[in-house]
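The values are calculated or read from the model by the stated rules, or taken from the named source; none is laboratory data. Note that this is a predicted model, so its numbers are computed, not measured. Ideal geometry is used to build each Cβ from the backbone, glycine not excepted, and the neighbour counts take in all protein chains shown. We work out accessible area using only protein heavy atoms, side chains counted, and drop any ligands, DNA or RNA first. Shrake-Rupley method; radii C 1.70, N 1.55, O 1.52, S 1.80 Å.
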Amino acid sequence: MSESTNLLGSLADRIPKPTDSKPTDVPATGSWADETASLTTTTNTAPYPSVDGDVKDTPTEISQADGATEAMEGSALEDPEHEVKVTLADLQHDINSPLFSTQSFKELNISDHILQGLYAMGYRKPSKIQQKSLPLMLSDPPRNMIAQSQSGTGKTAAFVITILSRMDFKRNTTPQALVLAPSRELARQIEGVFQTIGRFVEGLTVVAAIPGSIQRGAPVQAMVIVGTPGTVMDLIKRRQLDTSILKVMTLDEADNMLDQQGLGEHCMRTKQMLPQLNQILLFSATFPDEVKAYAAQFAPNANAITLERDRLTVSGIKQMYMDCINGEADKFQAIVDLYQCLTVGSSIIFVKTRSSADRIAEALNKAGHKVVAVHGAFEGADRDRILQEFRDGVAKVLITTNVLARGIDVQSVTMVINYDIPTKGRNDEPDAETYLHRIGRTGRFGRVGVSISFVFDRKSFGILSQIAEQYNIALQPLNPTDIDGNERIIQRIIKSSRAGVNLTN
Ligand SMILES: Nc1ncnc2c1ncn2[C@@H]1O[C@H](COP(=O)(O)OP(=O)(O)OP(=O)(O)O)[C@@H](O)[C@H]1O
């Protein structure tokens, strides 16, 4: 493996220096080979400040929110017994990695039918987040949970097991649990996890509430509803979804779901239409500071599992960048040069806009390279079909926008390309959370993957540098002209990824 080079160090002269920037000397200790992670569990013994309703306007609410943030970070409530230090250097063999613990699913006292489902899926041991969150979420009386752990570490199963354990199977045509996710694809995927983990659970009924899935006027008759916020809100308003005995609500990708610039409004309004809930569960790999307050208000008195910001990246993902100095033409050529590597395993190429996804897909297909594209302008049925082709390996290269940046679990993805570095806002601020979620589409559950971020000018260098600084990561440079060298480096990593697949089987 060639030596990791600090992006900031090697290219400092090309990076614009914001006036308030911190020192740009990022230590190389954040590289994938050697990293110690700390997962902190905060058991809440004192009530969080709680605000119901629309929380974004009044000064009182803001000050309560500040208090909540402090509590969530564990300043007053941290239980040192839950402090866990794990070595991430070799996820595939280290029993102390965030993926495994010595505790078994059986010790959790979950039903035999759920256990059977977990074992049938090849889950032998709970991952760290499952080990830490499940005892807290399954305890009675039920408590809210705000849980954070790295991408691909098994958060879905944690809330699925909890929800299945809380259902009354005699009332399986009435909604009892609601799970909201930011995209139709993720909602469908979560529905599938319920079906597979719950396959031996007699009487389980699960329905996806996504655009086009429920006929107008038809009642939603299932105990678990997994949907997107707009559709679910409409179904409740139109009285197609009976909320009278609903007791558990989960937001997957919770920071995205509570984002006040985006889906937050829908989620808040949906919650206001629900009866008193027994349990609210918020899960994500990222909880940026500005969302923590809303999270604590949405799920009052929650137990919280949080990660330090510089421990958020998955050590199995080898993060690289390529300087495509002539901009668009070089970026396109780089994809063409990398094509061989892209099709060993599967790859996702993230771009900023729908039109560039279409344009690049068309150009690559014209050049004889088979790729597919999916984004928000596609019809739902087409989105489902193309993603299924990608999951099945029929299509090996997927070009998409942020719509698929979060949650999508396709274990064969060995490479993620940031064709455009993720930014947010009118001023193109670095979008560090989206970067983390995008690269997290590879390196799932202990596998090894590669991410390559394309930069081409001072601005894009600056943005990527700020993201690298935020997570304390060192990005390895790839030389765009050394096509063979790059292929060797990438193939070597991808091959070790294939070895890793056996780990969880
Ligand atoms: N205990 C386990 N043993 C083996 N595999 C597991 C276990 N728990 C989860 N997995 C597998 O790990 C993969 C990642 O899980 P999941 O999609 O829930 O991750 P996540 O933490 O929600 O990721 P993201 O933050 O990207 O949404 C899935 O393929 C899942 O089947």
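Does Arg184 satisfy the criteria of being closer than 28 Å to Asp112 by Cβ, among the basic types (Lys, Arg) and at pLDDT 95 or above? The answer is no for Arg184.
So in region 159-200, with the set limited to residues that are over 26 Å from Thr400 (Cβ atoms) and aliphatic (A, V, I, L, M), which one is surrounded by the fewest Cβ atoms within 10 Å (Cβ to Cβ)? Per the criteria, the residue is Met167. Among the residues of region 337-352, some residue qualifies, meaning at least one is away from the ligand (no atom under 16 Å from the Cβ), farther than 21 Å from Gly449 by Cβ and either open to solvent by 10 Å² or more (accessible area, probe 1.4 Å) or at pLDDT below 95 (or both). Being more than 14 Å from the ligand (Cβ to nearest atom) and either closer than 25 Å to Gln221 by Cβ or of a type outside the set (Asp, Glu) (or both) holds for only one residue in Ser127, Ser104, Ser139, and it is Ser139. From the list Thr205, Thr228, the lone residue that is assigned by TED's automatic domain parsing to the domain that holds Gln130, within 21 Å of Ile190 (Cα to Cα) and touching a helix residue (DSSP H, G or I) at 6+ places or on another chain (Cβ under 6 Å) is Thr228. If you go through region 413-458 and pick out every residue that is within 19 Å of Phe390 (Cβ to Cβ) and either under 17 Å from the mean Cα position of the chain (by Cα) or in the same structural domain as Asp255 (by TED's automatic domain parsing) (or both), you end up with 19.
Test Tyr339 against the criterion of being within 27 Å of Gly446 (Cα to Cα) and touching a strand residue (DSSP E or B) at 6+ places or on another chain (Cβ under 7 Å), and give yes or no. For Tyr339, the condition - within 27 Å of Gly446 (Cα to Cα) and touching a strand residue (DSSP E or B) at 6+ places or on another chain (Cβ under 7 Å) - is not met. For Pro142, are the conditions met, namely being open to solvent by less than 10 Å² (accessible area, probe 1.4 Å), in contact (Cβ under 8 Å) with a residue 60 or more places away in the chain and assigned to a loop (DSSP other than H, G, I, E, B)? No; evaluated as a whole, the condition is false for this residue. Within region 380-414, track down each residue that is open to solvent by less than 20 Å² (accessible area, probe 1.4 Å) and within 16 Å of the ligand (Cβ to nearest atom). The answer is Leu387, Phe390, Leu398, Thr400, Leu404, Ala405, Gly407, Ile408, Val410, Val413, Thr414. Just need a number here: residues in region 258-287 that are out of contact with any helix residue (DSSP H, G or I) (no Cβ under 7 Å at 6 or more places or on another chain), of a type in the set (A, V, I, L, M, F, W, C) and under 23 Å from Arg438 (Cβ atoms). Total satisfying the criteria: 0. Against the list (1) under 24 Å from Ile317 (Cα atoms); (2) not in a loop (DSSP other than H, G, I, E, B), the condition Ser355 fails is (1). Taking Glu487 as the residue in question, decide whether it is part of a helix (DSSP H, G or I) and surrounded by 21 or more Cβ atoms within 10 Å (Cβ to Cβ). The answer is no for Glu487.
Here is the figure for region 438-464: residues that are out of contact with any strand residue (DSSP E or B) (no Cβ under 9 Å at 6 or more places or on another chain) and not hydrophobic (A, V, I, L, M, F, W, C) total 4.
With Gly212, Gly217, Gly203, Gly230 as the choices, which residue is within 23 Å of Val291 (Cα to Cα) and either over 27 Å from the mean Cα position of the chain (by Cα) or surrounded by fewer than 19 Cβ atoms within 10 Å (Cβ to Cβ) (or both)? It is Gly230.
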